[in-house]
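The values are calculated or read from the model by the stated rules, or taken from the named source; none is laboratory data. Please read all numbers here as calculations on a predicted model, not as lab measurements. Because the Cβ atoms are built from the backbone with ideal geometry, glycine has one as well, and the counts that use them run over all protein chains shown.
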Amino acid sequence: MIQVEKEQKGSISVYKLSGNIEEDTHLEEILGPPKPQMEIHCKNISRINSIGVKTWIKYFQGCQKAGSKITYVECSTAIVEQINLILNFNCGGTVESVYLPFSCTQCRTELAGLFKVVDLKKLNMTLPTLKCTKCSGKAEFDDIPEDYLAFLNR
Amino acid sequence: MCCLSKTLLLLSERADDKAFADEICKLSELKIQVVRRAPEAIKLMQEASPQVILVDASTQDLYSTFEGAVSNSLGLFSEKVHPNSIHFLLDSTMSEASFIVQSPLLGSFVKRSSSDPAGAGNHYGRIIRAGLKAKSFGLKDIYLEEAKVQRIEMSQISQKSKVLEAVKAYLLAAKWSMRPTSRILTSVDELLMNAFYDAPQASFASSSNATTPALDLKDLEQKGSVLIDLAFDGKYFGIAVTDFYGSLDKAKLMNYISKGFSKSEYKVKTTTFNAGIGLSTVHQTGGSLLFLCEASVKTEAILFFQKSDKFKDFRNQFRFISTQFYF
């Protein structure tokens, strides 16, 4: 079940989504009609299944056709995976920031680090380490950079 | 004339394939016969019927040589050639090896493990061992005494969230970390959707409203519910989803699995409820898939995932797509 928190920041309509996007998700009902500037916060989207992907693309393609300027913010790993898997998942929108998965080399805690896409492009696949929030150990990026960051090269 | 009825035939020059095959033989009590050239393999296939045939199909040339030799000497549809017994070994994923997707000989597609071929053989050997039975279904046949199999019965799609929660709890209790767990749940979700919405294709095709599921409980009650079995031996997690339609089509299946949308646009079809990307998603998730189908009786889709400390190892795990069709 997906939930949304809406707010208006000047001319930008902000939508904060949380939950899973599945066959019972009706984005047109939850998000309403396309707006000129839409900022979609994806931090708390934990899973999206194939029907959810179809629903997502159908809705945001509609927004794209209506001339909306779409920005995706704080994309969760689930959303980043879809951005990589499906060429047109963004539907003409801009990915502004994404979460990167990290794993502590000492206590194995899973962490997520938020990065701006513009900064990631500068890093050229050489990702920094993070400090583990649990044991202060060194947390390393835990995925295959060329796969997880494939969308940067599009 | 030699008797190869309990033999595994390996057509490969590679040492890692030999290590892989040796482990399979150990587990399934088969004798290994290694040949390096396709004509030698054909000769052995003609003389007797090896129960398992592993073929190095790393390149299109290697594959075509084997297919050509089979076609010229035995015939692609000869009773000496049964796709259930043929396993192609490659270094690439199925989406990267399009030449194999529509092969009439394709029974199983194995992406080699570069780090541990013997370990991979040990796991795959269980699939082979189970497949040696006249009809093999169920995780019990695969794990034998190595893991306890638990069962969940589902009678309607509205129970899906609860089932996924149960699978999640099972994995977290077994100390799986969150990200692989999420990925596994996505794959299980897709298999459940397939079992409920895609298996009875004839009924579904008549749906006039393509935006909502055409089928509900009353359609499923005719042939029973969907069964979910799960087991974990400490190394590999297996989950089987069984429906009682037996309507799987191998060519369509392979097409769906190998489809990719990272280089070409995904086009939304409004005439169907399903998205057409579910199986591709499952494949991309990183696990292995085994499909067992008895025509008009039942289909069992089994997923296997290897537990790893690091997610990048989870992504690089040994993988296969295997099918067994019974008529």
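Within the range B:136-164, residues that are more than 29 Å from A:ASN49 (Cα to Cα) and without any contact (Cβ under 8 Å) to a residue 40 or more places away in the chain reach partners that are small (Gly, Ala, Ser) and surrounded by 14 or more Cβ atoms within 10 Å (Cβ to Cβ) with beta carbons closer than 8 Å, at six or more positions or on different chains, in the pairs B:ASP141/B:ALA130.
Listed here are the residues, each with its yes/no results for (1) crowded, with 18+ Cβ neighbours inside 10 Å; (2) of a type in the set (Val, Ile, Thr); (3) at pLDDT 95 or above.
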residue: A:SER18; (1), (2), (3): no, no, yes
residue: A:GLU22; (1), (2), (3): yes, no, no
residue: A:PRO34; (1), (2), (3): yes, no, yes
residue: A:ILE79; (1), (2), (3): yes, yes, yes
residue: A:ILE83; (1), (2), (3): yes, yes, yes
residue: A:GLU96; (1), (2), (3): no, no, yes
residue: A:PHE102; (1), (2), (3): yes, no, yes
residue: A:CYS107; (1), (2), (3): no, no, no
residue: A:LEU114; (1), (2), (3): no, no, yes
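Yes or no, residue by residue, for (1) at pLDDT below 95; (2) surrounded by 16 or more Cβ atoms within 10 Å (Cβ to Cβ); (3) touching a Lys or Arg at 6+ places or on another chain (Cβ under 6 Å); (4) assigned to a helix (DSSP H, G or I):
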residue	(1), (2), (3), (4)
B:LEU8	no, yes, no, no
B:ASP16	no, yes, no, yes
B:ASP22	no, yes, no, yes
B:GLN46	yes, no, no, yes
B:VAL110	no, yes, no, no
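Could you list, in sequence order, the residues of the range A:116-133 that are among the charged types (D, E, K, R) and modelled with pLDDT under 95? Write out each step before concluding.
Of the range A:116-133, the ones among the charged types (D, E, K, R) are A:116, A:119, A:121-122, A:131.
Hits for the range A:116-133 are A:LYS121, A:LYS122.
Please go through the range B:24-44 and pick out each residue that is of a type in the set (Asp, Glu) and in a helix (DSSP H, G or I).
Within the range B:24-44, just B:GLU40 meets the criteria.
Of the residues making up the range B:78-103, those that are part of a loop (DSSP other than H, G, I, E, B) and touching a residue at least 60 places away in the same chain (Cβ under 8 Å) number 2. Answer yes if at least one residue in the range B:147-157 is surrounded by 20 or more Cβ atoms within 10 Å (Cβ to Cβ) and either among the polar types (S, T, N, Q) or part of a loop (DSSP other than H, G, I, E, B) (or both), and no otherwise. There is no residue in the range B:147-157 that is surrounded by 20 or more Cβ atoms within 10 Å (Cβ to Cβ) and either among the polar types (S, T, N, Q) or part of a loop (DSSP other than H, G, I, E, B) (or both).
One residue stands out among those in the range B:277-327 that are among the aliphatic types (A, V, I, L, M), in contact (Cβ under 8 Å) with a residue 60 or more places away in the chain and more than 14 Å from chain A (Cβ to nearest Cβ): the one that is surrounded by the fewest Cβ atoms within 10 Å (Cβ to Cβ), which is B:LEU303.
Of all residues in the range B:160-176, those that are surrounded by 18 or more Cβ atoms within 10 Å (Cβ to Cβ) and either assigned by TED's automatic domain parsing to the domain that holds B:GLU29 or not basic (Lys, Arg) (or both) total 6. Looking only at residues in the range A:36-77 that are polar (S, T, N, Q) and farther than 22 Å from B:THR181 by Cβ, the one that is surrounded by the most Cβ atoms within 10 Å (Cβ to Cβ) is A:THR55. When the residues of the range B:111-144 are filtered to those that are of a type in the set (A, V, I, L, M) and in contact with a strand residue (DSSP E or B) (Cβ under 7 Å, 6 or more places away or on another chain), the one that is nearest to B:CYS25 (Cα to Cα) is B:ILE128. Among the numbered conditions (1) more than 14 Å from every other protein chain (Cβ to nearest Cβ); (2) under 20 Å from B:VAL268 (Cα atoms); (3) surrounded by fewer than 19 Cβ atoms within 10 Å (Cβ to Cβ), the only one that A:ILE12 does not meet is (2). Only one of the numbered conditions (1) assigned to a loop (DSSP other than H, G, I, E, B); (2) surrounded by fewer than 19 Cβ atoms within 10 Å (Cβ to Cβ) is violated by B:ALA251, and that is (1). Among strands (runs of 3 or more DSSP E) entirely within the range A:44-154, having at least 2 residues that are within 13 Å of chain B (Cβ to nearest Cβ) and on the phi < 0 side of the Ramachandran plot singles out A:97-104, A:110-116, A:138-141.
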